[in-house]
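Step one of this worksheet: look at the structure below.
The values are calculated or read from the model by the stated rules, or taken from the named source; none is laboratory data. Everything numeric here is computed off the predicted structure, so don't read it as measured data. Here the Cβ positions follow ideal geometry from the backbone for every residue, glycine too, while neighbour counts run over all protein chains shown. Side chains included, ligands, DNA and RNA excluded: accessible areas come from the protein's heavy atoms. Shrake-Rupley method; radii C 1.70, N 1.55, O 1.52, S 1.80 Å.
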Amino acid sequence: MKNQLKVLRAKHNWSQAELAAQLDVSRQAVNAIETGKHDPSLPLAFRIARLFEMPIEDIFDDLA
């Protein structure tokens, strides 16, 4: 699944570790989501959307 997580993280000047801490996941999980190797669970996708104050569909694209 294509996503905007890396771009959004960069806009906030957060490292993967900083984002991971805010989402209560590992840095490796953030990396796997950013690179498209892993899709987030629905609860995690909602946490990401709330953190960035955006709709889920603006962050994740299931058509890619």
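Worth a mention:
- Flag for A10 being without any contact (Cβ under 8 Å) to a residue 12 or more places away in the chain and either open to solvent by less than 90 Å² (accessible area, probe 1.4 Å) or under 15 Å from I59 (Cα atoms) (or both): yes
- Some residue of region 49-58 being assigned to a loop (DSSP other than H, G, I, E, B) and touching a strand residue (DSSP E or B) at 6+ places or on another chain (Cβ under 7 Å): no
- Residues that are without any contact (Cβ under 8 Å) to a residue 40 or more places away in the chain and touching a Phe, Trp or Tyr at 6+ places or on another chain (Cβ under 9 Å) were ranked within region 43-64; the one that is surrounded by the most Cβ atoms within 10 Å (Cβ to Cβ) is A45.
- Qualifying residues in region 24-42 (those that are open to solvent by less than 70 Å² (accessible area, probe 1.4 Å) and assigned to a loop (DSSP other than H, G, I, E, B)) - the one nearest to N3 (Cα to Cα): G36
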